[in-house]
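Right, one structure below, let's go through it.
The values are calculated or read from the model by the stated rules, or taken from the named source; none is laboratory data. Given the structure is predicted, the values throughout are model-derived calculations rather than measurements. Methodologically, a virtual Cβ is constructed for each residue, glycine included, from the backbone with ideal geometry; neighbour enumeration extends over all protein chains shown. To get the accessible areas, we keep the full protein, side chains included, count just its heavy atoms, and leave off ligands, DNA and RNA. Shrake-Rupley method; radii C 1.70, N 1.55, O 1.52, S 1.80 Å.
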Amino acid sequence: MSEPPNKKIKRIDELPEDLTVELPEHLVEYIISMYFPIQYVLQNRVVSKTFREAVIRSRDLDFGRIYSRRRSQSEVVRIIEEIFNQHKGSEINRFVLILNHIGVEDKVLSSVKTCLSIMKSKVTPEKIDAIFSNCIHLETLELTRCITHGVLSINAHNHKRFKELVLYCMPNRLQIILDAPTLECYMYEEFVRILDFSRVDALKEAKLHYIQNYSWRYYDSSYMVLANMVAYTGVHVLSTTNIFLESFKERYIEGEMRSPIFKFLNLKEFCILFKAPNLCTLYHISEFLKRSPKVEKVLIEIKKFTFEPGMLCIIHQKSYMESRNYEFNSINEVTIDGYKNHWHELDIVQFFCGHAKSLKKLKLIMPKNVKKRACGLDYARLDYIRSRFPGVKVEV
């Protein structure tokens with residue numbers, strides 16, 4: 001990523017000839033370690049003990065001339081790894097590497113990911129465009145805790161290797177527009193935002209950890225979730241929170257109660273993470289799975305969540321579910337992580353044992369912290385479930 005073309009720096013030869021500047025040694029060390037290209041930093045570390053022990057902050061990591069007849073591939077990789085391990089700078093503006101990558105692909109990708117994990121920096125449209133203009137072999141882009149406002153637009157239309165996009169903790173972003181035909185994995189953690197994935201054709205995995213926006217107290221985020229839903233209907237792996245599932249509730253539309261009509265015909269693995277506050281129950285899980293006929297593995301994570309005993313919605317939905325003929329023919333494995341033996345958790349166990357016709361294994365993972373184990377194990381009910389469904393292996 002180069003500096004803007006209109007940014008001008010006053011050259012040394014433009015200064016008065018009789019001007020003499022004497023800088024303290026520590027300041028010279030700081031300037032060279034941060035602003036000089038890495039090649040000069042490495043040369044100074046060879047000839048000077050002071051610079052050998054100096055912290056590396058270089059923003060220009062140009063290793064273009066480091067690979068030659070004098071250095072083997074393994075030696076070059078070792079030097080680069082040492083530079084990244086010692087690098088203490090807050091940002092990297094440029095990364096160049098000319099190297100025979102065969103046999104060291106994982107190490108090269110690790111270096112690239114380090115450069116592209118841009119944390120706590122201001123992300124402008126120009127910076128995003130610069131990334132995709134200069135990194136023609138880019139496979140992964142991660143933006144974490146970046147300062148950005150308004151619309152985030154990513155144009156990766158001509159990038160045949162771009163596979164993964166990660167967006168975490170960027171609350172001021174209002175909309176996401178993505179043109180990436182080869183994108184396969186999308187990971188997102190923040191408030192629900194409107195997105196345009198109309199030019200994304202190959203998405204296979206989505207991790208959508210939506211967060212409740214308490215500043216919008218009376219806003220129903222489920223409408224935005226539904227507006228984005230079509231982007232995820234073709235994924236094979238989906239991990240999300242209760243906010244996503246709550247959008248599948250029935251709602252009053254054109255004079256009658258209706259449920260969303262989306263189907264996930266390619267979904268094989270599904271993970272749901274429960275977070276408080278929460279109105280999502282077994283009913284929402286079952287309604288979603290009914291729209292996903294090929295799901296094989298289900299993970300329900302309730303480590304930091306407990307179903308309240310007096311939730312009227314659970315009581316009402318339980319009677320409603322009894323009249324529905326749920327039948328899941330593909331689910332063969334279910335895991336409940338954070339199982340505390342609460343009554344609704346046992347309802348979930350019994351539900352899957354009874355309605356997942358191909359279920360072979362149901363694993364209950366208790367919290368490691370003993371204080372979180374609110375109830376002792378209900379061995380009587382577990383034994384009843386095991387006896388009624390002997391073909392299912394219930395592990396605790």
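Label separation (TYR40 vs SER387): 8.2 nm, computed from points 7 Å beyond Cα along the C-beta direction. Relative protection proxy for 142-152, 93-103, from highest mean packing down: 142-152, 93-103 (other beta-carbon atoms within 10 angstrom).
Ordered by solvent-accessible area of protein heavy atoms (1.4 Å probe), largest first, the residues MET321, MET229 come out as MET321, MET229. Please give the FRET efficiency for ARG251 paired with ASP62, using the beta carbon to beta carbon distance and R0 = 56 Å, rounded to the nearest 0.05. My answer for the efficiency is 0.50. Pairs spanning more than 27 Å between alpha-carbon atoms, out of LYS204/LYS368; LYS113/LYS263; LYS113/LYS204; LYS113/LYS363; LYS275/LYS368; LYS107/LYS363: LYS204/LYS368; LYS113/LYS263; LYS113/LYS363; LYS107/LYS363.
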